[in-house]
Amino acid sequence: MISLSVSPLARIWIVLFSALLFGVAQFQRSAGGIISPLLTEEFDLTPTAIGAVIGTMFIATMTMQVPAGIALDRYGVRRVVPLMLAVSGLGSVLFSFAEDLQWLLVARILLGVGFASTTAGAYLLFTRWFPQDRFATLSGLMVAIGGIGGLMGTYPLAESIEVFGWRANFVAMGLFILVVSLLGFVTIRDAPPDYQGLTTRAGSLRDTLLGYRQIFGKRDFFKILSLGLVTFAPITAVAGLWGGPYFQEIHGLSRTQAGMILFALFLSTSLAGLVVGPLDRRFGTRKGVVLVCAFLSFCCFATLASWHRVPFEVAVLCLVLMTFFQSFYLPLAAHNRSLFEDHLIGRASTLLTLVSVAGIPLLQSGFGVVLDLSLRNGLSDEQGYRLGFGAISVALLVASVIYATAKDIKPQDAHK
């Protein structure tokens with residue numbers, strides 16, 4: 001079903017465009033850690049309110065996952081992703097003109113709606129343009145290259161805000177997203193010319209429902225979803241929101257210095273894409289790679305939760321390692337992909353993304369609630385953050401135990 005006669009340049013562009021999709025989304029996800037103190041001060045927001053503002057984007061992305069999955073399987077990447085991405089571009093521009101809390105929320109909703117199809121769209125392109133056993137490796141390469149977007153949303157954004165202000169930066173990013181959207185519509189094709197799998201698209205409501213019946217009929221799918229809930233969420237809760245305030249309030253860093261730490265966290269994620277992505281092929285197991293990485297991430301959070309007045313250097317090391325090991329979502333996505341035939345990938349991938357994104361506002365807002373409750377009960381800021389880290393570590397451990405009962409599917413044994 002995959003032709004090797006297609007120009008290598010076409011395949012390279014598929015990977016680069018997927019990285020662009022990932023990168024613009026990562027910028028918006030990582031920027032929360034930089035702009036949250038600014039928004040808190042300018043709009044006089046509480047920790048719970050700022051958690052809601054940043055988390056709203058992820059709630060919107062989560063809500064749109066099922067419609068996006070259906071649209072991707074039925075209409076293809078070229079017609080769906082550029083259109084939805086343009087909505088994100090408009091959302092970023094609108095965000096820059098916000099005058100109150102409600103305005104901020106609406107803009108973040110538009111951002112989230114537009115990003116709903118990016119990850120699954122990239123996965124669908126990988127499925128149709130490349131051999132199946134390269135899935136995790138290609139996903140890792142996408143993360144490594146697209147991670148530049150996440151990096152730009154940390155220290156460089158903090159520096160740029162000092163010069164141009166936060167509003168100008170979000171106008172510029174919105175315009176860039178619109179350019180990427182147009183570029184995708186003009187250049188991307190859903191599959192190579194001789195690809196045979198497009199004959200089984202979901203063409204009716206009945207076909208769509210039957211497709212979901214097949215997906216939910218896989219018992220291991222629910223075990224993958226359980227761990228999916230804590231894939232993106234720990235990274236985004238820390239690097240995308242509470243990491244900045246944590247290092248400023250607990251370790252006394254300036255906004256720019258905290259931005260440098262967040263830069264290191266997202267750099268760790270990008271490097272992990274190159275390292276973790278190919279591990280399933282190297283060791284012949286996806287489940288094993290996922291569980292080892294998830295356990296090591298749990299250890300990082302447990303250390304931060306249990307260590308009273310943890311030294312600055314240890315805190316940085318734990319969070320850098322955490323963001324590295326959280327890249328277990330790459331082999332986890334490959335495990336999920338291997339359960340299903342090609343015509344179900346859009347829906348199966350968006351369902352996993354739905355659950356993964358659902359965990360983000362839960363942890364981001366939940367972390368804010370923990371901090372609020374800690375203050376109300378007379379605990380220190382440091383104790384509040386420790387409780388937040390402890391809650392994430394427990395969630396990781398429970399989800400890993402559930403996923404551990406799933407059957408491993410080795411790269412060479414999955415659907416062709």
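Computed quantities for the displayed model
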quantity: Test: residue in the range 323-341 that is more than 18 Å from the chain's Cα centre (by Cα), closer than 27 Å to L111 by Cα and open to solvent by less than 10 Å² (accessible area, probe 1.4 Å); calculated: no
quantity: Pick from the range 288-322, criterion closer than 15 Å to K410 by Cβ and surrounded by fewer than 22 Cβ atoms within 10 Å (Cβ to Cβ), ranking: modelled with the highest pLDDT; calculated: L291
quantity: Test: residue in the range 74-89 that is among the β-branched types (V, I, T), assigned to a helix (DSSP H, G or I), under 26 Å from T269 (Cα atoms) and modelled with pLDDT of 80 or more; calculated: yes
quantity: Those residues of the range 216-264 which are in contact with a Phe, Trp or Tyr (Cβ under 8 Å, 6 or more places away or on another chain), over 14 Å from N336 (Cα atoms), of a type in the set (V, I, T) and part of a loop (DSSP other than H, G, I, E, B), in sequence order; calculated: I250
quantity: Selected residue (criterion: surrounded by the most Cβ atoms within 10 Å (Cβ to Cβ)) from residues of the range 248-265 that are touching a residue at least 24 places away in the same chain (Cβ under 8 Å), out of contact with any Gly (no Cβ under 8 Å at 6 or more places or on another chain) and not polar (S, T, N, Q); calculated: F263
quantity: Filter pass, R134 being open to solvent by 60 Å² or more (accessible area, probe 1.4 Å), at pLDDT below 80, in a helix (DSSP H, G or I) and not β-branched (V, I, T); calculated: yes
quantity: Some residue of the range 294-303 being in a helix (DSSP H, G or I), β-branched (V, I, T) and in contact with a Phe, Trp or Tyr (Cβ under 9 Å, 6 or more places away or on another chain); calculated: yes
quantity: Hey, V310 closer than 30 Å to L253 by Cβ, in contact with a Leu (Cβ under 9 Å, 6 or more places away or on another chain) and not in a helix (DSSP H, G or I) or not; calculated: yes
quantity: Test: residue in the range 399-414 that is crowded, with 23+ Cβ neighbours inside 10 Å and more than 22 Å from V290 (Cβ to Cβ); calculated: no
quantity: Any hit, the range 159-170, residues being under 20 Å from the mean Cα position of the chain (by Cα) and either at pLDDT below 80 or part of a helix (DSSP H, G or I) (or both); calculated: yes
quantity: The listed residue being in contact with a Lys or Arg (Cβ under 8 Å, 6 or more places away or on another chain), of a type in the set (S, T, Y), open to solvent by 10 Å² or more (accessible area, probe 1.4 Å) and assigned to a helix (DSSP H, G or I), out of T56, T48, T40; calculated: T56
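The values are calculated or read from the model by the stated rules, or taken from the named source; none is laboratory data. Quick caveat: nothing in here was measured; it's all calculated off a predicted structure. Here the Cβ is made from the backbone with ideal geometry for all residues, glycine too, and neighbour counts use every protein chain on show. Calculation scope for accessible area: heavy atoms of the full protein, side chains included, ligands and nucleic acids excluded. Shrake-Rupley method; radii C 1.70, N 1.55, O 1.52, S 1.80 Å.
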